[in-house]
1. Taking the stated definitions as given, is A165 closer than 18 Å to N106 by Cα, in a helix (DSSP H, G or I) and free of Cβ contacts under 8 Å to residues at least 40 places away in the same chain?
2. Exactly one condition in (1) over 23 Å from K178 (Cβ atoms); (2) surrounded by 16 or more Cβ atoms within 10 Å (Cβ to Cβ) is false for L140; which is it?
3. Inside region 1-58, counting only helices (runs of 4 or more DSSP H) that do not spill past its ends, which hold 2 or more residues that are β-branched (V, I, T) and either exposed (fewer than 14 other Cβ atoms within 10 Å of the Cβ) or modelled with pLDDT under 85 (or both)?
4. Every residue in region 109-124 that is closer than 12 Å to R151 by Cβ and either in contact (Cβ under 8 Å) with a residue 40 or more places away in the chain or not in a strand (DSSP E or B) (or both), please.
Amino acid sequence: MTTLEQVEKLRAMANVSYDEAKAALDASNGDLLEAIIDLEKQGKVNAPNGGGYYSSEKTVDASEVVFNKSCWEKENKNCNGGETFSSLMKKLVKFCFKILRKSTTNYFEVLKGEQSKASVPVIALVLLLIFAFGVTIPLLIIGLFFGLRYRFKGPDFLGKTINDAMNSAADAAENLKKSMND
């Protein structure tokens, strides 16, 4: 059984009259594709150019397609200008190794006066902060009140900015301790 909706759809696709669309749909038992093929065979609808296929969906005109030849010539890039998954993974692994190298060649030192009491690689401090945050931070703060100072030492800590911040935290703890005693 053909519906009015199917007839209207076929009329819009094939540009035929209502009676022709209804007759074609009745002959094909309501199958739109078969109805269009029947109308083509009767010469009422033009077949697609080049013997291709017929689609009711909107097609893209060839003039709208832009082919970026240089994009296809590069093996490590996709057509969006981005990078392939493998090249991104290589960059991520390279970055991780760089961070690991820096965290093992630089040290976190605990000082009492000018004497170094302990020195651990930065990676050890990071792991303590990640896995034992609730213990590590209070211990570092308590150490400040017992006169300990902290600093970072290594080839990547030649600037004094972070160590200046560590010294100012130690000075603030000393000032707070003095004000509590007075």
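The values are calculated or read from the model by the stated rules, or taken from the named source; none is laboratory data. Since the model is a prediction, treat every value here as computed from it, not as a measurement. We place every Cβ from the backbone using ideal geometry, glycine too, and count neighbours over all the protein chains shown.
1. Values: closer than 18 Å to N106 by Cα: yes; in a helix (DSSP H, G or I): yes; free of Cβ contacts under 8 Å to residues at least 40 places away in the same chain: yes.
The answer is yes for A165.
2. Going through the list (1) over 23 Å from K178 (Cβ atoms); (2) surrounded by 16 or more Cβ atoms within 10 Å (Cβ to Cβ), L140 breaks only (1).
3. Passing ranges: none, list empty.
4. E109, V110, L111, E114, V122
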